[in-house]
2 protein chains.
Amino acid sequence: VRCYRRQTVGDNFDRLVEALRLALSRADAVITIGGLGPTEDDLTRTAIAHVMGVGMRRDDGLVEGLRATFAMRGLPWFDAIARQADVPEGARAIPNEFGTAPGLICPLDGSKVILALPGPRGEFLPMVDGAVREYFAQHAHGEVMASRTLRVCGMGESQVESLLKDVMGSTNPTVAPYAKLGEVHLRVTASAANRDLALEAIRPIAETIRSRLGWHVFGEDETTLEAACLRLLGDRGQTLSVAESVTGGGLGARLTSIPGASRVFAGGAIVYTPGAKEAMLGVPASVLEAHGPVSESVAADMAGAARARLKTDFALAITGNAGPTADVDGKPVGLVFLALAGPAGVAVEKHQFRGLREDIRMRASQAALTMLYRELVAPNRFD
Amino acid sequence: VRCYRRQTVGDNFDRLVEALRLALSRADAVITIGGLGPTEDDLTRTAIAHVMGVGMRRDDGLVEGLRATFAMRGLPWFDAIARQADVPEGARAIPNEFGTAPGLICPLDGSKVILALPGPRGEFLPMVDGAVREYFAQHAHGEVMASRTLRVCGMGESQVESLLKDVMGSTNPTVAPYAKLGEVHLRVTASAANRDLALEAIRPIAETIRSRLGWHVFGEDETTLEAACLRLLGDRGQTLSVAESVTGGGLGARLTSIPGASRVFAGGAIVYTPGAKEAMLGVPASVLEAHGPVSESVAADMAGAARARLKTDFALAITGNAGPTADVDGKPVGLVFLALAGPAGVAVEKHQFRGLREDIRMRASQAALTMLYRELVAPNRFD
C-alpha cells in the first residue's frame, strides 16, 4: 500500500473533520491514530461519524468487555469509560488486546474506508499487524509493493551515496537512503504484479549494495545492530558483558531490548562515578587519578574487569563526557573512549562525537556495538 | 505561536510543493523539517525556491564553512556536499552548529515565511531555540500564548480527569490531558496581551490542579520523573544506585540522561542472568533457585546488595519478565518486582504490566522511579 501523505491536528473537531475530508479526497484508505480514549477531548470517533454522515450507537458487548477488563485489572470504573464503546453506524470494532479503546473499521460510500486506531504505540502496532494488514490483504488490487531495508554501520550517508551513485538513480526498484544516528538505512522498494515478483526485483540491487559496502551492511529491515551482534555471538556460543560510564546503562538497555538476549548477554556494571568504577570493577584509584575517568586506560580496565567478573567471552566498556560542559579534568564534550575485551586482548577506540547529550550517548553505544560487530565479522579489515 | 496543523510527505517534489502551498494557504509561517542534506532526494530547498518563484544561488561563504567543517572532522569531501550551500534568492541561512546543512529563513510575498530546518533532532532543536524563537519574537503581533505542563505520576488518565472535571471545561486557560507511559501530562494554556499576563492566568488553575492531585504532581514542563528524583535526593545530600535485571540498564540510562546526575547517582549492576545476579551482587544461588529470579526475595536482595556495594543511601532494584513468553519458572509476561532499599529498610512492590516488551520495560523503570519519588515526598501516604 502506498502511503503518500500524513497529517497531524490537535483535539479540535473542525480540524479533525477537515483533515479527514482532505485525506479522503486524496486516498482510498485513511488510517487515523489517537483520539479514541474516554476523555472529553477524544474526538476522532465523533469526527468520523460526522464525515460518514451517520449517528453513533453504543455497543453493549463492548461495554461489557470494558467492564470486565477494568474489574480484572482492579481499576475504578467511570461512566466516561463507556464512551469507548461508541461505534459509528456501519462501522466495525477492532478488539484491543493491549488496552481499552477498540479500533474501528469505518466503510464510506464509494468503497473508501477509515481505519481508526488508538494512540498508544503498544496498542496500535498489534492492530496494524492484525486487522489492518488483513483488511488491506482482502481489498488489495493492482500492483503490489514490497521493500527491504539494508542497514549500514561504520560509514556516513555521503560515503554510502558516493559508492552507490548509479544504484541510487534506479527507478524500479528505487533506493532511498536514510541517515540515522551512527547508521545509514537504504530502503529498496519495488512494485510488481505480486509480492514474490516485487521481492525478486529487489534481490539483485540488494546484492549489488551488499557487495559494494561489504561488512558495513549488518542487517535487514528490523534487525538492529544489537540484534546482529547477539545473533553472531549466539551462533558461536559466545557471551558478552558491559561496563558503562557515560551511557549509564543505555548499551545494556539496547542489548536487552532483544527477546532471548540472556543466552548471550550476562549483564555488567554501571559505573557513573570514580567511586563506582573502583567499587564495582576494581579500577584502581591510582589509574583514575593519573589518567582521569575519561581515558584509554580506564576504558581498558573497565572492559577487562567486566569480562573477568562476569566470565564472558567479550566485554564492551564506554567512558566519556556527554556534556553539556567539559568535565573536571577538562575533557571536552563528546570525547568518548571505547574498549573491547576479548579472547585476544583489549582494543581501545577514541571518538569525538558532536551533538546533544542524548545524541552523544546514543552514538557512543552505537560505536561500541559497531566495534564489536566488526571484530566478529571482519577482524582484520581496516577500511 | 499557535500551531494547528502538521503534514508529512516523502522525498517527492510535487507533493512537497503541494504541502508547502497548502500550509501557506492556512498559516502565516511554515516550519519545514528535513530534506536539506546533500543527497539527491533532499528536495526541500528546491521545492521552497519553486513555491517562492525564485532561483537558487550558491553561497560561497557557506561552501567555505562546509569545507572547513569537513577538514576539521577529517571527513572526505564530495562535490554533492556543496549543495547544502544553495540558498533560494532572498532567503537567509541559519548556521548549523551541530551538523552541516544550514537552516533557511525564506520570506514570501505578503509577509508570510517558510523556516526550513534540517532533519536530525540534534540539529533542528538548537535552531528552534535560537533563530526560530528569535524570528517569532521579532514578528509577533496580537495575543501571546503561554503554556505550562504539569506532570503527574502514580495515577491514570481517567482518574486524573475525574478529579479535575470542572477544571477540564475551562476555555482560557485550557487544560488538556496527555496520557504517557506511567504518567499523565496536563497542559495548561492561556493567551493574553503579553507573556506575563498569560502566565498569570495559568497560575490559579495550576494551583488548583496541584492541590487536587497532591504529591502526584511531580514536576512541570521538561522536568522528568528521573530529574525530580535526582533533585530531591541532591537537595538532601543523598545518593542512589540501581540493580537492573529486566530493564537491563534502562533505569540507569534514564537517570544519567540528566546532566550532573553523578552528584547523586553512583551506578549499579546490570544482572540479566542468574549467574550475573550472583557474581555482581552476591544474590545466593539458593534464593534464586527457591524463588526464581523474578521474585520478591531476589528484588529485595538485589536492592540491598547494590546499596551496600555502592554505599548509597537508596537503591532501586527491578526484576521481571518483559516477554514475549512466560519465563523458565512460568512467571507470566509483565510480572515485575521492584525493591527500594533505604535507611529504613527494604520495601517491595509487585506489578503486572501490559503491553509490548518495550512498554513493560519502560513502565517498570517508571514504577521504580514513582516508588522512590513517593518515598521521598509522601512516605506515609497510601492513596
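For the range A:1-28, a reduction of at least 10 Å² in accessible area between the chain on its own and the assembled protein chains (probe 1.4 Å) is found at A:Y4, A:R5, A:R6, A:Q7, A:T8, A:V9, A:D11, A:R15, A:E18, A:L22, A:R26. Approximating the spin labels as points 7 Å out from Cα along Cα→Cβ, the B:A326-to-B:R2 distance works out to 5.5 nm. For A:S147, inter-copy separations between label points set 7 Å beyond Cα along the Cβ vector come to 3.0 nm, shortest first. What does the charge count near B:V271 come to, summing +1 for each Lys or Arg and -1 for each Asp or Glu among other residues with Cβ under 13 Å from its Cβ? For residues surrounding B:V271, the net value is 0.
Net charge dipole, the protein assembly as shown: roughly 340 debye, given to the nearest 20, about the Cα centre with Cβ charges of +1 for Lys and Arg and -1 for Asp and Glu. Ordering of B:332-339, A:147-154, A:270-277, A:295-302 by packing is A:270-277, A:295-302, B:332-339, A:147-154, highest average first (other Cβ atoms within 10 Å, averaged per residue).
Placing R0 at 41 angstrom, the Cβ-Cβ distance between A:R187 and A:R92 gives a FRET efficiency of 0.80 after rounding to 0.05. The calculated FRET efficiency for the pair A:E278 and A:A347, based on their C-beta separation and a Förster distance of 30 Å, comes to about 0.80. Along the Cα-to-Cβ line of B:M56, 7 Å from the Cα, sits a label point; which residues in the range B:1-37 have backbone N less than 13 Å from it? Label zone hits: B:13, B:35-37. When the other protein chains are added to the chain by itself, burial of at least 20 square angstrom of heavy-atom accessible area (probe 1.4 Å, ligands and nucleic acids ignored) affects these residues of the range B:50-97: B:R73, B:F78. Applying 0.36 nm per residue to the separation of A:E64 and A:R212 and subtracting their alpha-carbon distance, the gain on full extension is 47.4 nm.
Let me know the charge dipole size of the range B:1-141 about its Cα centre in debye, to the nearest 20, where only the beta-carbon of Lys, Arg (+1) and Asp, Glu (-1) is charged.
Working: 16 positive and 18 negative charges, 94 e Å.
Here the size comes out at about 460 debye.
Going from the isolated chain to the complete set of protein chains, the range A:304-339 loses at least 10 Å² of heavy-atom accessible area (1.4 Å probe) at A:R309, A:L310, A:P324. In the context of the full set of protein chains, residues of chain A present 44 Å² of accessible surface per residue (probe radius 1.4 Å, heavy atoms only).
For A:K311 and A:E296, calculate 0.36 nm times their separation in residues minus their Cα-Cα distance, and state this gained length in nm to one decimal. Don't jump to the answer; show the numbers that get you there.
Details: separation 15, 0.36 × 15 = 5.40 nm, distance 2.22 nm.
That works out to 3.2 nm of additional length.
Which links in B:K277/B:K350; B:K180/B:K311; B:K277/B:K331; B:K311/B:K350; A:K180/B:K311 stretch past 29 Å when you go from one Cα to the other? Over 29 Å apart, Cα to Cα: B:K180/B:K311; A:K180/B:K311.
Using packing as a proxy for protection, rank A:279-291, B:61-73 so that the peptide with the highest average count of other Cβ atoms within 10 Å comes first.
On the way: A:279-291: 16.5, B:61-73: 13.8.
For the peptides A:279-291, B:61-73, the packing ranking is A:279-291, B:61-73.
Could you tell me how many degrees, from 0 to 90 and to the nearest 10, lie between the Cα long axis of helix B:60-72 and the main elongation axis, the longest principal axis, of the Cα atoms of chain B? The two axes meet at around 30 degrees.
For the pairing of chain B with chain A, what total accessible surface becomes buried, with a 1.4 angstrom probe, in square angstrom to the nearest 100? Before the final figure, lay out the partial values.
Details: alone 19660 and 19680 Å², together 33940 Å².
Chains B and A together bury approximately 5400 Å².
What angle do you read, to the nearest 10 degrees and between 0 and 90, between the alpha-carbon axis of helix A:296-310 and the longest principal axis of chain A? Between helix and principal axis, roughly 70 degrees.
Under the Kirkwood approximation applied to all pairs of distinct alpha-carbon atoms, what is the hydrodynamic radius of the protein assembly as shown in Å?
Working: mean 1/r = 0.0353 Å⁻¹.
Its Kirkwood hydrodynamic radius stands at 28.3 Å.
The other copies place their A:D329 label points at 4.1 nm from this one, listed shortest first, where each point is 7 Å from Cα along Cα→Cβ. Expressed as a whole percent, the accessible surface of the range A:1-152 that belongs to carbon and sulfur atoms is 51, based on a 1.4 Å probe.
Counting only alpha carbon atoms, the long axis of helix A:225-236 and the longest principal axis of chain A meet at about 60°.
Among residues of chain B, the one whose beta-carbon sits closest to the B-to-A rotation axis is listed with its distance in Å as B:G249, 1. Relative to the other identical copies, A:R2 shows label-point distances of 3.6 nm, where the label point lies 7 Å from Cα along the Cβ direction and values run shortest first.
The values are calculated or read from the model by the stated rules, or taken from the named source; none is laboratory data. What you see is a predicted model, and the numbers here were worked out from it, not measured in a lab. Cβ coordinates were reconstructed from backbone atoms using ideal geometry, including for glycine residues, and neighbour counts include every protein chain displayed. Accessible surface areas use protein heavy atoms only, side chains included; no ligands, DNA or RNA. Shrake-Rupley method; radii C 1.70, N 1.55, O 1.52, S 1.80 Å.
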